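Report on one structure; see the data block that follows.
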Amino acid sequence: MAKGMIRRLLLPQEDKFYPMFEDLAELISKASHILAQVVESAEPCKKEDSIREIKLLENKADDIVHRVMDALDSSFITPFDREDIHRLASRMDDVMDNINATAQQILLYRPGRLAPQTLELTMVAVRGCEQIRIAVMELRNLQNRSKINDACIKINELENIADDIFHKMISDLFSYEKDAIELIKNKKIMETLEYTTDRIEDVSDILKTILIKGA
Amino acid sequence: MAKGMIRRLLLPQEDKFYPMFEDLAELISKASHILAQVVESAEPCKKEDSIREIKLLENKADDIVHRVMDALDSSFITPFDREDIHRLASRMDDVMDNINATAQQILLYRPGRLAPQTLELTMVAVRGCEQIRIAVMELRNLQNRSKINDACIKINELENIADDIFHKMISDLFSYEKDAIELIKNKKIMETLEYTTDRIEDVSDILKTILIKGA
Amino acid sequence: MAKGMIRRLLLPQEDKFYPMFEDLAELISKASHILAQVVESAEPCKKEDSIREIKLLENKADDIVHRVMDALDSSFITPFDREDIHRLASRMDDVMDNINATAQQILLYRPGRLAPQTLELTMVAVRGCEQIRIAVMELRNLQNRSKINDACIKINELENIADDIFHKMISDLFSYEKDAIELIKNKKIMETLEYTTDRIEDVSDILKTILIKGA
């Protein structure tokens, strides 16, 4: 029996992973958009409802990640390498955790002002999460490989842009900010945002691995 | 020959792991109590003898962890999964390292004052270490599963309490502390303490895994 | 057929790993020397050319690490455990990343002055990288085990020296530095340097493992 036929017969079994990854990608993308609204606002630390909503999305993402891991334990057949499923779920979870951490730090630290490039860096994260969503939606159908590949290339470009913005931000912050406590607050929020974009690149790396193995 | 009989015949071989884990749990619990005495004192950074004692306990714990790893390399039969033994020892070591790091930071940074909730958070760590000790003492006898399970539930509850205290601490610190250097000192000490409670939860997660696999 | 003979027959295949590790060790050692020149200068943040050169060396090291990983994927026979090759390359990469991070932080933060012991700690890193180079050059010829062993012992001694310098630096910094922003800059640079020496010790640990397994 051809491998393709076995695959098709068993599809319902392996099929359950796709909707979970798709839901996870939607949650991440949604959270990144809400974060951008928070950062954009005149008084970010007063956007308590939005920050609470991000926390709720993060809880939902946690639940999905647990369900992915449970499904992995109970499945004989998986649509791609078990290890890659584990890693994709974990790294997507990391992206969500860091979007949430950025929001929580804004609430906790109550910075008097956010550095001007904070929104710029947040928008890079938003665009990265959007590319994750696009790529994850194509996982069901690895035939359409170029879409996933294009998304990964865009994420790499975004990561380079993020690095440049981050370095400029930190360098600027240390030259203009004379209030040490405001500097501490802004530096930490910037670092968490930049760490978020690094985690988005980790997701892209796993997607590339899945693409190569599925070739 | 039944699996149970093989186990019993080989017990002396696998038995050596339990006393090492028990010693490790005792050392961690002891170190956490000494840390609480340091934090409680009027001038924590003057408790140099206590801080040195914590360092000695950490060295002893390192020795035990090395002995666990050596025993793992030379044992055919282990009382539970090799990987879980490795992880339990490593994560218990992490708890100890972070208790010690908190103490060393108090000595190095010499904070003028510790934030009022520092003792509260330390006591959560003390109670978590006590639950680790209780659970580890029951490992020899997995029949008494409910005691380990109860300890893990308590550690989870403690971790939630720790999170709440930590968030309140950081938020308070940024609103009352106008001396940036004192803020840096206290923020770092709080973060290390909070990181310690996270590591305690990691130990609990492994204990739960061991419990499930041994079911 | 004796194991030794099989080894000799297959040598060309496994042989390709040695030059890559040797190149990596040379790059790390070179980068550490340039970092020392930066730190030593009267105005470190003006040594932009040197800092850029360190970045270029880091890029070259990245390329080699990727080539090691590719070679690992396509090789049946490896000169030592696949996992240890992977770890040795990754940990050497970490050393390079942290030398580069230290240099970049000097450029970004533009500290008004570097703490006096910064050069001292940098020189410990330089000597550690030199010992890595010595040990890696001997990997081809595991017969000469004592040279690798001696290098690992020296790295351990250096790590203890680094710890002492670092603790003294941090303690001094908090007692003399009254400018919070200068304190933040220097503290972060010191921490990255100290983290670099920790990563050097990680390399030494893997070299010891390779030595033991090859016994």
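The values are calculated or read from the model by the stated rules, or taken from the named source; none is laboratory data. Predicted, not measured: the structure shown is a model, and the values here were computed from it. Cβ sites come from the backbone with ideal geometry, for glycine too, and all protein chains shown count toward neighbours.
Among the residues examined, B:Ile148 does not qualify as touching a helix residue (DSSP H, G or I) at 6+ places or on another chain (Cβ under 6 Å), closer than 30 Å to B:Arg113 by Cβ and either without any contact (Cβ under 8 Å) to a residue 12 or more places away in the chain or surrounded by 15 or more Cβ atoms within 10 Å (Cβ to Cβ) (or both). The single condition among (1) out of contact with any Gly (no Cβ under 9 Å at 6 or more places or on another chain); (2) within 14 Å of chain B (Cβ to nearest Cβ); (3) over 14 Å from A:Gln117 (Cα atoms) that A:Asp198 does not meet is (2).
Mind listing whichever residues of the range A:182-215 are of a type in the set (Asp, Glu) and more than 30 Å from A:Asp81 (Cβ to Cβ)?
Our first condition is that a residue be of a type in the set (Asp, Glu); within the range A:182-215, this holds for A:182, A:191, A:194, A:198, A:201-202, A:205.
Across the range A:182-215, the qualifying residues are A:Glu182, A:Glu191.
From the set of residues in the range A:88-111 that are of a type in the set (Gly, Ala, Ser) and buried (at least 22 other Cβ atoms within 10 Å of the Cβ), which is farthest from A:Leu24 (Cα to Cα)? The extreme case among them is A:Ala103. Taking the conditions (1) under 18 Å from the mean Cα position of the chain (by Cα); (2) surrounded by fewer than 17 Cβ atoms within 10 Å (Cβ to Cβ); (3) among the hydroxyl-bearing types (Ser, Thr, Tyr) in turn, A:Ser75 satisfies each one other than (1).
State whether one or more residues within the range B:124-135 are within 30 Å of A:Pro111 (Cα to Cα), part of a helix (DSSP H, G or I), modelled with pLDDT of 95 or more and not polar (S, T, N, Q). Outline the logic, then answer.
Residues of the range B:124-135 within 30 Å of A:Pro111 (Cα to Cα): B:124-125.
From the residues that got through so far, the ones that are part of a helix (DSSP H, G or I) too are B:124-125.
Imposing the further condition that a residue be modelled with pLDDT of 95 or more reduces the set to B:124-125.
Of the ones still in play, those that are also not polar (S, T, N, Q) are B:124-125.
Scanning the range B:124-135, I find at least one residue that is within 30 Å of A:Pro111 (Cα to Cα), part of a helix (DSSP H, G or I), modelled with pLDDT of 95 or more and not polar (S, T, N, Q), so the answer is yes.
If you go through the range C:91-114 and keep only what is within 14 Å of chain A (Cβ to nearest Cβ) and of a type in the set (Ser, Thr, Tyr), you end up with just C:Tyr109.
For the residues C:Ile165, C:Ile189, the requirement of being within 14 Å of chain A (Cβ to nearest Cβ), within 30 Å of A:Leu173 (Cα to Cα) and in contact with a helix residue (DSSP H, G or I) (Cβ under 8 Å, 6 or more places away or on another chain) singles out C:Ile189. If the condition is being more than 16 Å from C:Asp15 (Cβ to Cβ) and in contact with a helix residue (DSSP H, G or I) (Cβ under 9 Å, 6 or more places away or on another chain), then the range C:67-81 contributes C:Met69, C:Asp81. Filtering the range C:70-79 for residues that are within 14 Å of chain A (Cβ to nearest Cβ), closer than 19 Å to C:Ile184 by Cβ and not in a helix (DSSP H, G or I) leaves an empty set.
Per-residue answers, yes or no, for (1) more than 14 Å from chain A (Cβ to nearest Cβ); (2) surrounded by fewer than 21 Cβ atoms within 10 Å (Cβ to Cβ); (3) within 16 Å of C:Ser32 (Cβ to Cβ):
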residue: C:Leu139; (1), (2), (3): yes, no, no
residue: C:Asn156; (1), (2), (3): yes, yes, no
residue: C:Ser175; (1), (2), (3): yes, yes, no
residue: C:Ser204; (1), (2), (3): yes, no, yes
